[in-house]
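J.: The following block contains the structure, expressed as structure tokens.
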Amino acid sequence: MITDNYNEVKKKVEEAAIRAGRDPRDITLIAVSKTKPLEDIETLIRIGVKEFGENKPQELKSKYDTVSVPVHFHQIGHLQTNKVKYVIDRAVLIHSVDSMHLAEQIQKEAEKRDITAQVLIEVNAAEEDTKDGVTIAETPELVRQISQLPNVKIRGLMTIAPFVDDPEKNRPIFRAMHELLLDIKSQRIDNVDMSVLSMGMTNDYEVAIEEGATMVRVGTAIFGARDYSMK
Ligand SMILES: *Cc1c(COP(=O)(O)O)cnc(C)c1O
């Protein structure tokens, strides 16, 4: 079931890439396993899946520490400074950096362990009150500030688009994100690599790929609906 779902999503990812004249290998499908049991992750590991997304730092830590073979975990959810320690040497990429304050904490924890943390800047492209992230206008300045931190490497941008009935409604948001990425890239800031654009979820990942996403984060379409009442 989960395996079939994954393969189906993977196929749609490839088809969307081809529609957009892109190489399907340039798009990473992250299976968002938050709230789901380790068995579900193991099921996908058996068919060779290596990229998983979690939004709670402690959940990422516990899954990372118990999974049968090493795989990549992405910290995709909001990160509080006091939780950085759980993910700093476990998350392959932190998608949700949205302040200098958080970046400085990541710098501190990364320096302690003599590693370089890989991060994305979370952009609240639609400027929704309920969402974390900086505005498009604020992003270049935050990138410049964070680029000064020696143990933090910016790899690109991430956004969570609004929840909409028709994914086409998010196309302008994804397009604006791609333009922002190219704009910052053209500024050639030291210690900044604008190669990753993390956008697109179950409802809109195909449109996101057509507009330039290099990472899509898909949960429900792979693992089924989440049950928060158990927690
Ligand atoms: C939960 C979550 C996803 C996956 O959402 P689905 O709609 O289930 O695909 C993607 N990104 C983030 C940041 C999330 O928190």
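J.: Check each of the trypsin sites (Lys or Arg not before Pro) in segment 75-116 and keep only those in coil by DSSP with at most 13 other C-beta atoms within 10 angstrom; list them in order.
T.: R113
J.: Okay, next question. Around G219, under 12 Å between beta carbons, what's the net of Lys plus Arg minus Asp minus Glu among the other residues?
T.: After counting each charged neighbour, the total is +2.
J.: Label D65 and K112 with points 7 Å out from Cα along Cα→Cβ: what is the distance between them in nm?
T.: 1.5
J.: Another question, if that's okay. Counting other Cβ atoms within 10 Å, keep those with at most 11, restrict to DSSP loop, and tell me which trypsin sites (Lys or Arg not before Pro) in segment 186-230 are left. Don't skip to the answer; put the middle values down first.
T.: Working: sites: R188, R217, R226; in loops: R188, R226.
Sparse-neighbourhood loop trypsin sites (Lys or Arg not before Pro): R188.
J.: Between S147 and A176, how high is the FRET efficiency from 1/(1 + (r/R0)^6) when r is the Cβ-Cβ distance and R₀ = 22 Å? Nearest 0.05.
T.: Plugging the Cβ-Cβ distance into 1/(1 + (r/R0)^6) gives 0.50.
J.: Also, quick follow-up: Using the Kirkwood radius over Cα pairs, work out the Stokes-Einstein diffusion coefficient for the chain at 37 °C and 0.692 mPa s, in µm²/s as a whole number.
T.: 184
J.: First compute the accessible area of the chain with a 1.4 Å probe, then give the percent of it belonging to carbon and sulfur atoms.
T.: The nonpolar share, carbon plus sulfur, comes to 49 percent.
J.: Treating the beta-carbon of each Lys and Arg as +1 and of each Asp and Glu as -1, no other charges, what is the dipole magnitude of the chain about its Cα centre, to the nearest 20 debye?
T.: 660
J.: Do any GluC sites (Glu not before Pro) in segment 89-185 lie in a DSSP loop with no more than 15 other beta carbon atoms within 10 Å, and if so, which?
T.: E127, E128, E138
J.: Solvent-accessible area per residue for the chain at a 1.4 Å probe radius, Å²?
T.: Numbers: 11020 Å² over 231 residues.
I get 48 Å² per residue for this part.
J.: Can you tell me the length gained on complete extension of the stretch E8 to Q80, counting 0.36 nm per residue apart and subtracting the Cα distance?
T.: Gain in length upon complete extension: 22.5 nm.
J.: Among the aspartates and glutamates, which fall within straight-line cross-link reach of K11, defined as a Cα-Cα distance under 12 Å, with same-chain neighbours fewer than 8 residues apart omitted?
T.: E206
The values are calculated or read from the model by the stated rules, or taken from the named source; none is laboratory data. The shown structure was predicted, so the numbers you read here are calculated from the model rather than taken from an experiment. Neighbour counts run over all protein chains shown; Cβ positions are idealised from the backbone, glycine included. Heads up: the accessible areas ignore ligands, DNA and RNA and are worked out on the full protein's heavy atoms, side chains in. Shrake-Rupley method; radii C 1.70, N 1.55, O 1.52, S 1.80 Å.
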